[in-house]
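J.: The structure follows.
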Amino acid sequence: MGSDLEAELDRALVDGPFHLALSLAVRRRGLGLGRLQCRLAERGIKISTATLSYWCTGRSQPERAESLHGVAVLEELLSLPAGSLVGLLRSPRARPRGGRRSNRDLDLRAWDSDEVLQLAEPLNIPKRSGLQTLSIDEQITLGAVGGDQRCRVRQTLVALEDGANRLVELWQADEPGGPPARYTDLRGYRIGEVRWEADRGFLGTELLLDRPLAAGDTTAVEHVVHVPGPTDSTRLGRILAHRVRMYTLQIVFAGGVVPARCEAFHQTSLTAPEDGLREVLPDHIPSVCMVVTDARPGVYGIRLDW
């Protein structure tokens, strides 16, 4: 029952309407409207229980600035991503050109590359995904410096529509001209169409689930990517094309050589400046790790200073 409610809430946060998303979030949190009204009052926000009830049933919706501020606080009280409820209130006429992007919208702008858009077109990457990635757990194992890389990727997915069965992964080589990465040990899906642009170092791989999912169904899939050496990466990570609840990146130094300094970073696109730099310290394995919750579209990774 809990997973069904979570899936229904996820869909409502993507497609609306506002009153459905709010009522489902209240149910999941297990707070009565009276209790919720008290929590708002503690923050200095005066919204009656009757008004909250009207919002939950669709009889009215927040419009004034004070009410919209109250909705932003409700997102926090209900453990929702910032902006998820407020965004559902924006009318199409008030939205910027191109519309509001949701968890279901794919955003390739983080690549900031015409080559990627050209690669994406023949792979028929949809503007809206039928599968939402809830979490990505990525473990990159490095051998000796300059050797091969091995990356194990585990993803949990939820279907946003009936018949969803398709993902497309894009990969970029450190240096164009070499051989492409290899996908092995697939669990839960198989490889479909593959596009390799050797002169530009871009690989597009279609991954097809073993069975189509019904809306609300969840699954966990896994694969290993072998990156041929020699590689001298100083930045390892992933570009996210849509919001992900949790992204975990672990880099294991199997060769025993640990960089002098490791820093977690974020970029809004590949050409944007790095922000959020913070040092991550190796453990006894040795490895370093970063975890990002409610990760928005963009670039996330760890910089290695050898």
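J.: Measure out, as a whole number of angstrom, how far apart the alpha-carbon centroids of region 266-302 and region 26-59 sit.
T.: For region 266-302 versus region 26-59, the Cα centre distance is 37 Å.
J.: Note the direction-averaged projected area, equal to a quarter of the hull surface, for the Cα convex hull of region 246-306, in nm².
T.: 4.4
J.: Assuming a ≥ b ≥ c are the square roots of the Cα gyration tensor eigenvalues, decide whether region 199-266 counts as rounded (a/c under 1.5), prolate (otherwise, with a/b larger than b/c) or oblate.
T.: Prolate shape, in that a/c is at least 1.5 and a/b is the bigger ratio.
J.: Using per-residue counts of other Cβ atoms within 10 Å, averaged over each peptide, order 163-174, 256-267 from highest down.
T.: 163-174, 256-267
J.: Right, another one. Let me know the whole percent of all Cα-Cα pairs from region 5-82 that are separated by more than 18 Å.
T.: Beyond 18 Å sits 33 percent of the P(r) for region 5-82.
J.: Please compute the modelled spin-label separation between Lys46 and Asp275, points set 7 Å along Cα→Cβ, answer in nm with one decimal.
T.: Going from the Asp275 label point to the Lys46 one covers 3.6 nm.
Throughout, read-outs are computed from the coordinates displayed, never taken from laboratory work. Quick caveat: nothing in here was measured; it's all calculated off a predicted structure. Please note: Cβ atoms are built from the backbone with ideal geometry, for glycine as well, and neighbour counts cover all protein chains shown.
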